[in-house]
Amino acid sequence: PAARQGRGGDGRYAGPAGTRAWRRYVPSAHAPGRALPLLVLLHGCTQDAADIARGTRMDEAAEAGGFLVLYPEQPPAANPRKCWNWFDPAHQGRGGEPALLHALIGDVARQWGSAPGRVHVAGISAGAAMAALYAGAYPGTGAALSSVAGIPWQGATTVGAALQVMQRGAGAALPGAAALLAALGDAARPFPVLVVHGAQDNVVAPVNGEETARQFAAWHDALRARGGAAALGAAPAVETEEGGRTRSDAVWRDAQGAPGVRL
């Protein structure tokens with residue numbers, strides 16, 4: 001990654017939906033009148049904005065790639081472990097934390113003049129679960145969703161269920177494409193989804209990554225069927241080895257070869 005040459009900084013959003021601190025990185029490529037893509041990166045439990053920036057080195061990647069990064073921060077007052085409350089129905093639709101994030105992202109995007117339609121939402125663990133909920137609540141905002149060690153959309157609705165899902169996945173209780181399509185409503189439009197999960201994750205079972213990918217692939221297909229388009233094609237997973245580790249890569253593509261979902 002390129003050495004950092006841009007500008008970091010901290011700020012705070014306050015509005016009708018609530019208040020949250022945030023951290024940012026503005027690359028040296030940013031200039032007045034030049035709109036850049038914006039990556040919103042949500043941290044996991046017990047983390048804060050500085051932790052995830054340091055752990056992912058996303059500031060350096062943003063400098064090299066010429067994009068803006070926003071790290072919203074969940075305070076202990078909202079959750080003692082600083083988790084995003086993805087398991088609470090109050091935060092699973094167009095209210096609660098998704099509404100707060102939507103207002104925060106919109107405020108920061110206006111300040112920076114980020115490129116319209118090029119807001120990419122990503123998260124790790126609890127942050128990934130909230131990123132999926134945000135994408136479902138405000139599909140017109142995000143250009144793409146990335147879920148790392150996350151949970152499917154509305155994968156659990158209680159703390160007890162959340163712990164079970166983390167260990168075993170949602171199984172038969174996994175909300176289907178129809179529920180996701182109904183939640184997105186008229187604003188529904190396809191956006192690419194990247195799901196990354198470690199095969200030896202003993203905190204969030206890898207089955208959750210598989211369920212997230214299948215859930216969004218089914219949603220893509222339902223949305224495409226509404227418009228009379230063919231379903232995505234699921235190619236067999238391809239395994240590669242690098243640095244002594246094996247990676248399995250499965251992609252659902254449209255008829256033109258463009259990826260809709262990648263696991």
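Keeping to segment 170-186, report how many residues are exposed (fewer than 11 other Cβ atoms within 10 Å of the Cβ) and either within 12 Å of Leu223 (Cα to Cα) or modelled with pLDDT under 90 (or both). Number of matching residues: 2. Within segment 133-146, the set of residues being part of a helix (DSSP H, G or I) and among the hydrophobic types (A, V, I, L, M, F, W, C) comprises Leu133, Ala135, Ala137. The residue list Tyr13, Tyr71, Tyr25 contains one member that is surrounded by fewer than 21 Cβ atoms within 10 Å (Cβ to Cβ) and of a type in the set (Ser, Thr, Tyr), which is Tyr13.
Let's see how each residue does on (1) modelled with pLDDT under 95; (2) in contact with a Gly (Cβ under 7 Å, 6 or more places away or on another chain); (3) in a loop (DSSP other than H, G, I, E, B); (4) buried (at least 20 other Cβ atoms within 10 Å of the Cβ):
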position: Pro98; (1), (2), (3), (4): no, no, no, yes
position: Leu104; (1), (2), (3), (4): no, no, no, yes
position: Pro116; (1), (2), (3), (4): yes, no, yes, no
position: Ala131; (1), (2), (3), (4): no, yes, no, yes
position: Pro152; (1), (2), (3), (4): no, no, yes, yes
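For the residues Ala222, Ala230, Ala234, Ala250, the requirement of being under 27 Å from Ala156 (Cα atoms) and over 21 Å from the mean Cα position of the chain (by Cα) singles out Ala234. Pairs meeting the criteria (first residue in segment 104-133 and of a type in the set (Asp, Glu), second residue open to solvent by less than 10 Å² (accessible area, probe 1.4 Å) and assigned to a strand (DSSP E or B), beta carbons under 8 Å, at least 6 apart or on different chains) are lacking. Out of segment 158-208, which residues are within 26 Å of Pro139 (Cβ to Cβ), of a type in the set (Gly, Ala, Ser) and part of a loop (DSSP other than H, G, I, E, B)? Passing the criteria: Gly169, Ala170, Gly176, Ala188. Cβ-Cβ contacts under 6 Å between residues 6 or more apart (or on different chains), taken from a first residue in segment 233-256 that is on the phi < 0 side of the Ramachandran plot to a second residue that is surrounded by 13 or more Cβ atoms within 10 Å (Cβ to Cβ) and charged (D, E, K, R), are listed as Gly233/Arg253; Thr240/Arg247; Val251/Arg262.
Considering the conditions (1) open to solvent by less than 30 Å² (accessible area, probe 1.4 Å); (2) farther than 15 Å from Pro139 by Cβ; (3) in contact with a Pro (Cβ under 7 Å, 6 or more places away or on another chain), Arg253 is excluded by exactly one of them, (1).
Remark: Ala29 matches the filter, which requires a residue to be touching a Gly at 6+ places or on another chain (Cβ under 9 Å) and at pLDDT below 95.
The values are calculated or read from the model by the stated rules, or taken from the named source; none is laboratory data. For clarity, every value in this text was computed on a predicted model and none was experimentally measured. When we count neighbours, we look across all protein chains shown, and the Cβ atoms used for this are built from the backbone with ideal geometry, even at glycine. Just the protein is used for accessible areas: all its heavy atoms, side chains included, with ligands, DNA and RNA removed. Shrake-Rupley method; radii C 1.70, N 1.55, O 1.52, S 1.80 Å.
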